[in-house]
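Trainee: Here it is, the structure in full.
The values are calculated or read from the model by the stated rules, or taken from the named source; none is laboratory data. These figures come from a predicted structure and were not determined experimentally. Glycine also receives a Cβ, built like all others from the backbone with ideal geometry; neighbour counts cover every protein chain displayed.
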Amino acid sequence: MNDDQAVELTELINKHRARGILVDTNLLIMLVVGSVNKDRISNFKRTGNYTIADYELLISFIDNFDKIITTPHVLSQTSDLTVLSGKEFGSARYSRS
């Protein structure tokens, strides 16, 4: 990324910070899996193409916004595709960050 692109990105983030960021199903799944156990990201069926570094970059980017926005459809898909059990299930379903 060159300096002009970095400035433009910063301006866009600042412009939309209060409105929040819209997160789709794939990224929300990575957020859920990574928040439960970062080591599962590369092993989990739906996040196997991502790395812990990708997760940390996503967290870093999302932290620039005041809220995370999604849709009922995305939440339903995320729930259906994020099959966890035991302690991981409890962490994914009931944790508050």
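Trainee: Do we find that residue 14 is of a type outside the set (Phe, Trp, Tyr), at pLDDT 90 or above and outside any helix (DSSP H, G or I) in this structure?
Mentor: It is false that residue 14 is of a type outside the set (Phe, Trp, Tyr), at pLDDT 90 or above and outside any helix (DSSP H, G or I).
Trainee: Check region 39-59 and report whether any residue there is touching a Phe, Trp or Tyr at 6+ places or on another chain (Cβ under 7 Å), assigned to a helix (DSSP H, G or I) and surrounded by 13 or more Cβ atoms within 10 Å (Cβ to Cβ).
Mentor: No, that holds for no residue.
Trainee: Can you tell me which condition residue 30 does not meet? The list is (1) closer than 18 Å to residue 78 by Cα; (2) more than 14 Å from the chain's Cα centre (by Cα), and all the others hold.
Mentor: (2)
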